[in-house]
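Worksheet: the structure to be examined is printed underneath.
The values are calculated or read from the model by the stated rules, or taken from the named source; none is laboratory data. Since we're looking at a predicted model, the values are computed, not measured. Cβ coordinates were reconstructed from backbone atoms using ideal geometry, including for glycine residues, and neighbour counts include every protein chain displayed. Note: accessible area is taken over every heavy atom of the protein model, side chains too, but ligands, DNA and RNA are not part of it. Shrake-Rupley method; radii C 1.70, N 1.55, O 1.52, S 1.80 Å.
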Amino acid sequence: MSNYSVEAIALNKVFGRRLIFNNINFNFNNSGIFGISGPNGSGKSTLIKIISGLTSPSSGRIIHNYNEKSIIPEKLHNYIGFVSPYLMLYDEFSAWENLNYFSKIRNVPFDKDKINYLLDSFLLLNRKDDLVKTYSSGMKQRLKFIFALMHSPHLLLLDEPTSNLDAEGKEKVYSILKKESGTSIIIIASNEESDLEICSSLIQLEKYKNPYNSVPAAGEITK
Amino acid sequence: MNIKAFALFKKDFHSELRTRYAVNALIMFIIVAISVILFSIGNEKISQSLTGGLLWVVIFFSAMSGLSRAFVSEEERGTTMTLQLIASPSTVFSGKLLFNLILVFVMNIVIALLYSAMFDAFVIKNFLLFLVTFLLGNIGLAISSTIIAAIIAKAGSKGTLYPVLSFPILLPLILLLVHLTLNSLDGTSFDQSLFELAMVACYDVIMLSASYMLFDFVWKD
């Protein structure tokens with residue numbers, strides 16, 4: 001059970017004259033894993049960025065609540081964890097240095113035991129002092145999960161979370177996500193069947209392309 | 001300036017020690033700029049007023065070459081989003097501003113020392129006035145350069161845009177600083193320069209307030 005909720009009200013995004021999606025509504029107020037699917041260019045990453053506050057919608061609103069109080073945009077980063085292939089960590093630092101600086105900049109205690117546990121879980125413990133630039137893309141992807149989980153976020157936003165991961169890495173991610181879904185809201189944007197299988201409900205973005213769609217479609221969140 | 005901004009400054013400082021993004025560009029520019037001035041003068045004796053003006057020309061162009069790195073390096077490495085996910089806009093601006101302030105002070109102290117060693121005509125008669133001018137001028141230069149760097153970081157033609165945007169924003173500051181430097185070289189009293197000093201202080205306050213208000217819009221897509 002989570003005391004966090006994220007609600008979308010009539011979200012619309014337009015790039016130039018191109019409509020990406022229109023009138024998306026949802027309200028996730030219980031912990032669990034939720035999915036966003038759609039073909040390439042349907043706006044999965046854009047929707048994830050809008051939920052995280054990185055991008056603004058063309059119209060509509062996203063409301064984040066914690067303990068029934070609205071979270072102001074300046075504080076939102078304290079509540080969310082984010083993983084995506086286009087997220088970059090500092091190549092010139094080691095994994096340990098990266099995570100240490102992130103803790104300090106967030107002004108949360110650097111819990112060495114927790115970091116070591118996460119590094120061990122994601123099979124990076126023996127490489128924690130190596131510079132990130134020496135990591136493979138799969139290792140960088142696993143480090144991004146540690147970056148997303150280290151401050152115990154209430155909302156985890158995952159865009160193509162298993163890209164660059166091998167079978168062992170994917171299994172590790174799924175088991176950790178299932179564990180986290182007991183206390184956090186997890187939103188996954190992906191086309192991978194195995195990623196979407198763990199989701200309890202799904203937003204299919206191809207249903208939101210109609211510019212005249214002013215009434216929420218029946219069963220817009222389906223599984 | 002809070003503890004988060006200081007942590008961001010430490011991250012940037014550590015990163016700069018490893019990558020030398022800004023420092024190498026600055027050192028090379030300072031050496032080249034002062035050398036070119038020395039070669040172009042040859043054996044000619046230049047006036048005191050000209051040395052005061054040239055000092056700020058070197059400082060202005062050195063700032064152009066190094067201070068934009070604060071945000072451009074994040075954009076080039078793709079780490080802008082990472083920063084957006086760990087810190088509020090005001091923390092990011094404060095951290096970057098602190099880094100640029102330190103960089104500007106170190107850079108300008110080196111320039112001023114080199115300058116006074118190379119040019120016989122550069123003799124400061126009112127040291128207190130020069131010191132206050134130098135202090136206020138560096139603060140203004142760092143604030144303006146930081147917000148301009150944030151604005152141009154997302155643009156395609158960063159190299160061209162930075163000096164183009166800097167010129168109108170920094171021109172009033174540079175004109176006042178040249179005037180005050182000339183006053184300190186010819187020994188004008190501190191009291192007689194109070195109006196110009198107040199103008200520079202006002203410039204700093206206005207630029208700082210405007211930068212914090214503008215940065216929220218610049219930082220998010």
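Just to verify a result, which residue in segment B:36-53, among those that are open to solvent by 40 Å² or more (accessible area, probe 1.4 Å) and either among the polar types (S, T, N, Q) or touching a residue at least 40 places away in the same chain (Cβ under 8 Å) (or both), is nearest to the other protein chains (Cβ to nearest Cβ)? It would help to see each step written out before you state the result.
Residues of segment B:36-53 open to solvent by 40 Å² or more (accessible area, probe 1.4 Å): B:36, B:38-40, B:42-45, B:47-50.
Then drop every residue that is not either among the polar types (S, T, N, Q) or touching a residue at least 40 places away in the same chain (Cβ under 8 Å) (or both), which leaves B:38, B:40, B:43, B:45, B:47-50.
Values: B:38: 36, B:40: 38, B:43: 46, B:45: 47, B:47: 46, B:48: 45, B:49: 45, B:50: 42 Å.
Among residues in segment B:36-53 that are open to solvent by 40 Å² or more (accessible area, probe 1.4 Å) and either among the polar types (S, T, N, Q) or touching a residue at least 40 places away in the same chain (Cβ under 8 Å) (or both), the one nearest to the other protein chains (Cβ to nearest Cβ) is B:38.
The residue pairs whose first member lies in segment A:57-74 and is under 23 Å from residue A:31 (Cβ atoms), whose second member is among the aliphatic types (A, V, I, L, M) and in a loop (DSSP other than H, G, I, E, B), and whose beta carbons are closer than 6 Å, counting only pairs six or more residues apart or on different chains, are A:64/A:71. Once segment B:1-19 is narrowed to residues that are facing another protein chain (nearest Cβ under 10 Å) and loosely packed, with under 15 Cβ neighbours inside 10 Å, the residue that is nearest to the chain's Cα centre (by Cα) is B:17. Residues being free of Cβ contacts under 8 Å to residues at least 24 places away in the same chain, assigned to a helix (DSSP H, G or I) and within 27 Å of residue A:56 (Cα to Cα) are represented in segment B:196-210 by at least one member.
Aliphatic (A, V, I, L, M) and either assigned to a helix (DSSP H, G or I) or open to solvent by less than 30 Å² (accessible area, probe 1.4 Å) (or both): does that describe residue A:14? No.
Mind checking which residues of segment A:86-107 are more than 10 Å from every other protein chain (Cβ to nearest Cβ) and either part of a loop (DSSP other than H, G, I, E, B) or small (Gly, Ala, Ser) (or both)? Selection gives A:94, A:95.
Taken together, A:28, A:21 contain a single residue that is within 19 Å of residue A:196 (Cβ to Cβ), touching a Gly at 6+ places or on another chain (Cβ under 6 Å) and aromatic (Phe, Trp, Tyr), which is A:21.
In this structure, is residue A:72 modelled with pLDDT under 95 and either within 11 Å of chain B (Cβ to nearest Cβ) or open to solvent by 10 Å² or more (accessible area, probe 1.4 Å) (or both)? Talk me through it step by step, then tell me what you get.
Working: modelled with pLDDT under 95: yes; either within 11 Å of chain B (Cβ to nearest Cβ) or open to solvent by 10 Å² or more (accessible area, probe 1.4 Å) (or both): yes.
For residue A:72, the condition - modelled with pLDDT under 95 and either within 11 Å of chain B (Cβ to nearest Cβ) or open to solvent by 10 Å² or more (accessible area, probe 1.4 Å) (or both) - is met.
Look through A:81, A:53 and report the one residue that is within 18 Å of residue A:156 (Cα to Cα), within 13 Å of chain B (Cβ to nearest Cβ) and either in contact with a Gly (Cβ under 6 Å, 6 or more places away or on another chain) or at pLDDT 95 or above (or both). Matching residue, one of A:81, A:53: A:81.
Considering every residue within segment B:110-122, establish whether at least one is open to solvent by less than 60 Å² (accessible area, probe 1.4 Å), under 30 Å from residue A:87 (Cβ atoms) and more than 14 Å from every other protein chain (Cβ to nearest Cβ). Scanning segment B:110-122, I find no residue that is open to solvent by less than 60 Å² (accessible area, probe 1.4 Å), under 30 Å from residue A:87 (Cβ atoms) and more than 14 Å from every other protein chain (Cβ to nearest Cβ), so the answer is no.
Within segment A:79-129, track down each residue that is open to solvent by less than 40 Å² (accessible area, probe 1.4 Å), within 21 Å of the chain's Cα centre (by Cα) and charged (D, E, K, R). The one that is open to solvent by less than 40 Å² (accessible area, probe 1.4 Å), within 21 Å of the chain's Cα centre (by Cα) and charged (D, E, K, R): A:106.
Counting only residues that are part of a helix (DSSP H, G or I) and closer than 20 Å to residue A:122 by Cβ, segment A:160-209 holds 16 of them. Can you run down the residue pairs with Cβ atoms below 7 Å, 6 or more apart or on separate chains, where the first is in segment B:76-99 and more than 9 Å from every other protein chain (Cβ to nearest Cβ) and the partner is outside any helix (DSSP H, G or I) and not polar (S, T, N, Q)? Listed pairs, sorted by first residue: B:94/B:1; B:98/B:1.
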